[in-house]
Structure formats: C-alpha cells, structure tokens
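See structure below.
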C-alpha cells in the first residue's frame, strides 16, 4: 500500500477499502485479505470497542444442521412473505461454517460435554479477537477516522473515499479498486447503547454515488430500556416481567397466552409504565444474569432489585440498527447498483432475511458474519478485475450536502484536499446541533414513528424538508470535528426523509411498519420498496415473484413517485 503523508492530508492506496468498525466490517476486511487483496479499513471510532456489537453480548443465529429447516421456516414466517428462503439458508450455513474460524483465532466459546456452544458471543472479547486477526493478516486499520464521502471514477465506478482523522486533525484520501460500506445503520443519536456511531453515513454516501436503498419503511424499531438509564436496550430479561401503571394496576398485555408486541408502545402512549421481573424463576435468573449481564448494571448502580421492585421503563429508537432498511444489494456478492461498491451488515437492507420485521440479535449477528464475507470477496474480485492501474483512474468526490454549500458552490472544504479553513465571513453556517434536534423531534416520538398515518407522515416530511434545505447551506468547517458533525447532520436528515417517504407509500400494516389508517396487511403488497434521491425523493416497487427461492427481480426504474410531497 502506497502511503503519502503531508501536514494536513494522508494519502493511501489499496485494492479494497472497508468503511466501518463492527463485525460486518471486520469480516469483510478479513475475507478480502484472504483473496490476497491489499485492504484498508477505516472506522469512526476504535475498531474493537465502538459500535453496538462491542458494547455487550449478542446471540448468533447458528443452529446445528439438523435444526436448519426449523429455523429457516421460523425466519420466513416472521418475515411475513417478504423474506427469502434461499437467502435465509445461505446466511445460516455461512454463519455455521464461519464460527469455528473465530475459535481458531482465539475466541473461547462456552463448552458443554466437551463441545463448543457457538450460540452467542461476548461483544468486547469477540471484537478484540476480530481486530487481532485483521492485524495478523496485514489489514491496515485507521481508527478515529470517519469516512465522509466516496470517490467516483469517470465511468461511475467507486474509486475510494475521503474522510477526516480526529486525532491527527487532518484529512485523508484512500484510493481503492472497490469499497465495502459496513458502517452501520441509523439510530438517530437516540443514545441506545453502542449506537451513537450509527448515523446513516453509509446510506447517504451510497445514494450520492448512484446507489439505491430498500425497505426504508422498516426503520422504526424501538427497544425496551429502564427509563432512569435509557441506554441499555436488552429486552430478553423483560420477557419475564409483569407490567403495571403508575397506580400499580396490572396492565396485562396478553393475547392467547402471548404478549402482544404492540402492548408496551400503546401503554406508554397513555402514561408511565413500570416493570418487575417477578416471573423469572431461579433457573431463569441464573441464565439471563449471565448472558445479559449488562442489562442488570443499571439496577446494580441504582441499588434496585428488579425482581421485587418496580422500575419505570421506556422505549428507545434503534431505527435501522435492529430494523431492516438499508442499502439495496443486487446479487449474491452483496454488490450495490454502483460498480465496485458493496454493502454489508446493518448498512445493507436485511429484507431478504427479515422482510420488514426486526432481525433482533441472533439473525442480525449472522447477517453481519455472512454478508461481510460475501461483500469482502466480491470487492476483492472486482478490484482485481480492474488490473494493476486501478488507483490511477481519474476520480471526483461524490459528497455534497453537509460538505459543500449547494448555494455558494465555492465553500472551502477539507475534503477537497485543502486544510480545514473557515468559510467566508459573509456567509453563515448552519447549526448542526439544531438540525439533529429537529430530526429527532420527528423520528424519536412513538406517536410519530411507531403509529404512522398519512397526515402524520406528511407533516413530518414537511418539517424534514425544511431541515434538508438548511443543510444545503454553508457547513461549518473550522475543525475536522466541525466537518464530521455537519456531515452527520446531513446524513440523519437524509435517512429520516427516506424512511418516512417510504413509509408513506406502503399503505398497509406489516411487521414493524404500522399504519393506523391502514391497519391490515395487504396480500397484494408483496414487494420491496426501493427508494432514493436527494433533493427529489422517489419510490419504486420491486415485486416478489417467488415466495420460496428466487431473490426479487431487479426491475427497471419507473417514474419516481413524488406526488405526496
């Protein structure tokens, strides 16, 4: 890898650039390196400690082969005729075959009767092992180096990316034959544990480069947390909880012996809700305290016994992190519509695995392991196909909003190759923090994002459109952190617009997408919704022609549907 240093910019070259720092990114970098590709991975935080996976433990959808059919059938059922059986089977098989590798790299799964039980992982140790393995195979890691825009060659293919290095207070450019976007979904800075690095940056970069998104209406996953420390969103312990209102009245919530998933959101809309884990047996307590220990830390810190005392609970938005929507992938290698650009993990749409339902923990972990590898190999093959002079291609930056003013056109930008500098004194910069608060005001409330209606969506879209116009203005660029925060505000606004625009056009209730004005699931709406656009949004239906084996057909784009705006 060629390295050129200057005081204000770092210039690197590689075959494959991986953007992200979680499991999907780590698996993608390893897979590409295994194809003898030169790989650089850039992370917004420190690869190994940042992101949702590193913050706690997680299950893995990796059943033993004799249970594959059972798990596949259940996942397809949960997907409500929008999941794809062939993809579910691919994910299960790839994950099962991959976990022994983690063990060979030094991770210690628990054992029963001398056999490894590879059904979950302890996040900090899992990510430490993945990082150590990347260094072992020669992957170059740039920590504290968020990527902010892609580079495009003249033929429209991806040619690398640019970003900033916080600790060195400089910009960087990585020229690469292919790029994997594995930098997570979007939780809208809701403070869900490990999710504040997930601000939709990859989705914005993909669309700017010419890519598409899909199933963005499935972007409203909420997770339960204690209200006095609304960050730890581990819901398993609450499966043994009883719920009551402020006066102590039992809220029930059961239908045919099973708790209705909409019970808690609807109860919270009426007033405070309290939970007590009084249904847990001693055997259950031993298991959940070990496997979900982090969920009990807030109780310990507050001196609360959750089995005997009531605690206030709330719901925290996790958006597409545990939702489904993301970058649309178009083949088995997790390629996008843009040549040389691949997507994996939370950044990619999980519609093939989950439909519009949440993948929860285990399926999403398996998705990261499998799509990371497929994307890494696909990117390595593409880079090799370009030949030895791939990084000599003429390339231009694709980034726009939040980096360069659409109105002035000549705003100095650190990502244009110059050092951070202040904008013209005659031009005001937009307030990134105010933009974020404006987006959150539309995305976080249950009454807006959980219970959706045409009028509510239109009202929110109108407010988000105003914010979008504001981030078109002059971004603040006094420091590299200013650049990062301006871009982050733009990404959050963009993702919110795509999510609600897509939700507006799916006129039914299906899985986590709830329309109170269309409360039934419509059997005639068996399609995915592709979406995209920057200033002018569009939605296209991608019909599912075979419920069992065939991935959705990539159809020709029709005229964008924008009549609602």
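Entry remark, the stretch 276-312: residues being in contact with a helix residue (DSSP H, G or I) (Cβ under 6 Å, 6 or more places away or on another chain), under 14 Å from residue 236 (Cα atoms) and not in a helix (DSSP H, G or I) number 5 in total.
Report whether or not residue 60 is buried (at least 23 other Cβ atoms within 10 Å of the Cβ), within 21 Å of residue 93 (Cβ to Cβ) and in contact with a helix residue (DSSP H, G or I) (Cβ under 9 Å, 6 or more places away or on another chain). For residue 60, the condition - buried (at least 23 other Cβ atoms within 10 Å of the Cβ), within 21 Å of residue 93 (Cβ to Cβ) and in contact with a helix residue (DSSP H, G or I) (Cβ under 9 Å, 6 or more places away or on another chain) - is met. Exactly one residue among 491, 503, 530, 496 is farther than 14 Å from residue 325 by Cα and buried (at least 20 other Cβ atoms within 10 Å of the Cβ), and that residue is 491.
Whenever a residue of the stretch 432-455 is assigned by TED's automatic domain parsing to the domain that holds residue 191, it has no partner that is part of a helix (DSSP H, G or I) and at pLDDT 95 or above lying with C-beta atoms less than 9 angstrom away and at least six residues away or across chains.
All told, residue 346 meets the bar of being part of a helix (DSSP H, G or I), in the same structural domain as residue 209 (by TED's automatic domain parsing) and within 30 Å of residue 381 (Cα to Cα).
Within the stretch 491-546, can you find the residues that are farther than 16 Å from residue 355 by Cα and part of a helix (DSSP H, G or I)? Those that are farther than 16 Å from residue 355 by Cα and part of a helix (DSSP H, G or I): 491, 492, 493, 494, 495, 496, 497, 498, 500, 501, 504, 505. With respect to residue 317, is the statement that it is under 24 Å from residue 541 (Cβ atoms) and surrounded by 24 or more Cβ atoms within 10 Å (Cβ to Cβ) true? No, not satisfied.
Tell me which residues, restricted to the stretch 77-104, are crowded, with 22+ Cβ neighbours inside 10 Å and farther than 23 Å from residue 30 by Cβ. 79, 82, 83, 84, 88, listed by residue number.
The values are calculated or read from the model by the stated rules, or taken from the named source; none is laboratory data. Computed from a prediction, not measured in an experiment: that's the story for all the values here. A quick note on method: Cβ atoms are made from the backbone with ideal geometry, for glycine too, and the neighbour counts reach across all protein chains shown.
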